[in-house]
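The values are calculated or read from the model by the stated rules, or taken from the named source; none is laboratory data. Worth saying up front: this structure is predicted, and the values here are computed from it rather than measured. Cβ placement follows ideal geometry from the backbone for every residue including glycine, while neighbour counts extend to all protein chains displayed. With ligands, DNA and RNA removed, areas are computed over all heavy atoms of the protein, side chains included. Shrake-Rupley method; radii C 1.70, N 1.55, O 1.52, S 1.80 Å.
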Amino acid sequence: MTIATVRGVRDILPEESPAWRLLEESARQIFTAYGYREIRTPIFERTELFARAVGATSDIVEKEMYTFADRGGESISLRPEGTAAVVRAFIENNLHRSLPWAVYYMGPMFRYERPQKGRYRQFHQMGCELFGAPGPLADAEMMAMVLRLLRQLRIDDSLTLEINSLGCKQCRAPYREQLLTFLQGQQAHLCANCRDRLQRNPLRILDCKNEECRAIARQAPMMKDHLCAGCADHFEGLQGLLGGMALPYTVNPLMVRGLDYYNRTAFEVTTTALGAQNAVAAGGRYDGLVAEMGGQTVPAIGFAMGMERLALLLEGKQAESSRRQGYYLLTVGEAATEQGVLLAEQWRNAGLAVQMDWLGGSMKAQLRRADRAAALQVLILGEQELAEQTVLLKNMQDGEQRRLAWDQLVATSGLLP
Ligand code: ATP
Ligand code: MG
């Protein structure tokens with residue numbers, strides 16, 4: 001009897017790892033260049049952190065969280081997203097004294113959802129949070145950074161940047177009433193889920209995927225037409241900056257985001273290449289959250305991107321990350337193998353990446369494994385080479401061969417392709 005994974009989780013096998021590393025390394029490089037430093041928060045937190053930060057009426061907290069009592073009876077949840085913990089860490093470590101504060105994170109998140117392609121129960125996000133910058137400049141720069149990363153990964157061809165403004169406490173409350181009145185008039189045509197959340201979270205109805213709800217949403221009053229002067233200025237400022245940076249975007253007045261903490265700017269990057277799971281990055285401003293969580297009033301903005309979806313987009317464009325590299329040492333005969341182990345260690349001491357064939361056997365079999373290991377250079381050590389203290393070097397890219405003395409290899413390595 002075999003044991004399989006839990007539904008909705010998956011292994012990232014060695015074949016996929018290069019794409020993941022490329023994602024992680026590119027993100028680290030770009031986030032760092034824009035002034036973000038890495039933070040690593042715990043995988044689990046007190047449940048109330050998410051209930052308060054993400055919102056008790058959000059889909060995430062209402063139905064997607066992995067929550068359990070630990071052995072001491074405390075209610076614990078696996079993190080469903082990254083922002084709540086970053087805000088907690090910011091407050092807990094008194095970081096309002098070091099504003100502006102800009103951090104990035106990457107790692108697994110957990111949501112009990114219906115698994116599909118691009119939607120899992122353990123998935124990975126990388127994201128950034130910027131505290132202390134109130135103006136639209138921060139928003140525009142963050143979007144520029146996201147788009148730069150996607151461009152660098154060369155997965156920007158099927159992408160769209162959508163923005164919206166969700167207003168603030170002042171202008172959203174009267175808008176919410178208007179929207180509620182409108183939606184109540186249409187109640188009979190809403191899907192069951194939307195009828196259910198009508199009172200609790202009417203804004204969420206605007207981005208319901210159901211066709212009938214969408215038709216109603218298109219007729220609904222829009223937040224962007226009810227912004228107060230401050231929010232309208234902010235939104236206009238943002239659009240001016242995006243235009244100035246020549247970043248193509250569209251205003252999507254129906255985008256409201258699933259997390260309750262957002263205000264003013266919301267943005268999403270969507271793709272046409274992944275079917276229903278079309279959001280690859282999403283974020284927005286949350287100027288009230290730090291204070292709501294017990295900290296001082298600190299403006300903030302952040303985003304997260306789904307790494308599984310980025311990896312899927314990268315899949316077709318992998319040639320570069322799986323390029324051949326390193327040395328693969330194959331030996332023929334017992335004496336050569338014994339000497340080979342020692343040579344491999346010496347070459348590694350000198351800084352070369354040398355993989356030794358673990359199984360031996362025929363030259364053909366070993367060459368096949370070298371090819372599978374994506375080695376760039378194969379080092380062949382047989383009886384003749386052992387006697388001459390040389391090694392036969394075969395370039396797996398172009399098939400070219402040359403013979404080198406053992407002590408020449410390190411000196412030559414810098415000159416090899
Ligand atoms: P969706 O509408 O796809 O459910 P969301 O609004 O729940 O997305 P966020 O909470 O904003 O997503 O998370 C940011 C990003 O994380 C998403 O744009 C998506 O790329 C990714 N993501 C979210 N949930 C999952 C999941 N269950 N599996 C894989 N990726 C996910
Ligand atoms: Mg979701």
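By the gyration tensor of its Cα atoms, with a ≥ b ≥ c the square roots of the eigenvalues, what is the shape of the range 136-285: rounded for a/c under 1.5, prolate for a/b over b/c, or oblate? It is oblate, given that a/c is not under 1.5 and a/b is not larger than b/c.
Relative to its Kirkwood radius, the Cα radius of gyration of the range 255-300 gives an Rg/Rh of 1.13.
Sorting 397-407, 273-283, 113-123, 298-308 by their mean Cβ neighbour count within 10 Å, with the most densely packed peptide first, gives 298-308, 273-283, 113-123, 397-407. Considering only protein heavy atoms and a 1.4 Å probe, what is the carbon-and-sulfur percentage of the accessible area of the range 324-415? For the range 324-415, the apolar C and S fraction of the accessible surface comes to 50 percent. Relative contact order for the range 324-415: 32 percent, from Cα pairs under 8 Å spaced at least 6 residues apart, divided by residue count.
Of all DSSP beta bridges in the range 324-415, what percent run antiparallel (nearest 5)?
Details: 9 of 17 bridges.
Of those bridges, close to 55 percent are antiparallel.
Only the Cβ atoms of Lys and Arg (+1) and of Asp and Glu (-1) were treated as charged; on that basis the dipole of the range 254-350 about its Cα centre amounts to roughly 360 debye.
For the range 156-251, the solvent-accessible area of protein heavy atoms averages 51 Å² per residue (probe radius 1.4 Å; ligands and nucleic acids excluded). In this structure, ALA232 and GLN296 have a Cβ-Cβ separation that, at R0 = 30 Å, corresponds to a calculated FRET efficiency of about 0.70.
Here's the picture: a label point sits 7 Å out from the Cα of PHE68 along the beta-carbon direction, and within the range 119-142 the residues with their amide nitrogen under 15 Å of it are 122. Note on the range 192-233: semi-axes of the ellipsoid equivalent to its C-alpha gyration tensor, largest first and rounded to whole Å, are 23, 12, 7. When the P(r) of the chain is calculated, the portion above 27 Å amounts to 61% of the C-alpha pairs. The Rg/Rh ratio for the range 93-213 is 1.03, where Rg is the radius of gyration of the alpha carbons and Rh is the Kirkwood radius.
Based on DSSP H segments of at least four residues, each scored -39500 (n - 2.57), the chain has a per-residue ellipticity at 222 nm of -10500 deg cm²/dmol. Per residue, the range 301-417 exposes 54 Å² of accessible surface when a 1.4 Å probe is rolled over the protein heavy atoms with every protein chain present.
Of the residues CYS194, ALA387, MET142, the one whose Cα sits farthest towards the positive end of the charge dipole of the chain is CYS194 (charges of +1 on Lys and Arg Cβ, -1 on Asp and Glu Cβ, taken about the Cα centre).
For a Förster distance of 22 Å, can you work out the FRET efficiency between the beta-carbons of ARG218 and GLU177, rounded to the nearest 0.05? In this case the efficiency is close to 0.65.
Which FRET efficiency value, to the nearest 0.05, do you get for GLN170 and ALA335 by plugging their Cβ-Cβ distance into 1/(1 + (r/R0)^6) with R0 = 60 Å?
Details: r = 83 Å, r/R0 = 1.39.
Once the sixth-power term is evaluated, E becomes 0.10.
Keeping the other protein chains in place, figure out the carbon and sulfur percent of the accessible area of the range 67-149, with a 1.4 Å probe.
On the way: 1700 of 3410 Å².
Within the range 67-149, the accessible surface is 50 percent carbon and sulfur.
Relative to the Cα centre, the charge distribution of the chain, modelled as +1 at Lys and Arg Cβ and -1 at Asp and Glu Cβ, gives a dipole magnitude of about 880 debye.
Taking a ≥ b ≥ c as the square roots of the eigenvalues of the Cα gyration tensor, the range 324-415 is classed as rounded, since a/c falls below 1.5. Here the range 1-134 is treated with +1 on each Lys and Arg Cβ and -1 on each Asp and Glu Cβ, and its dipole about the Cα centre works out to around 80 debye.
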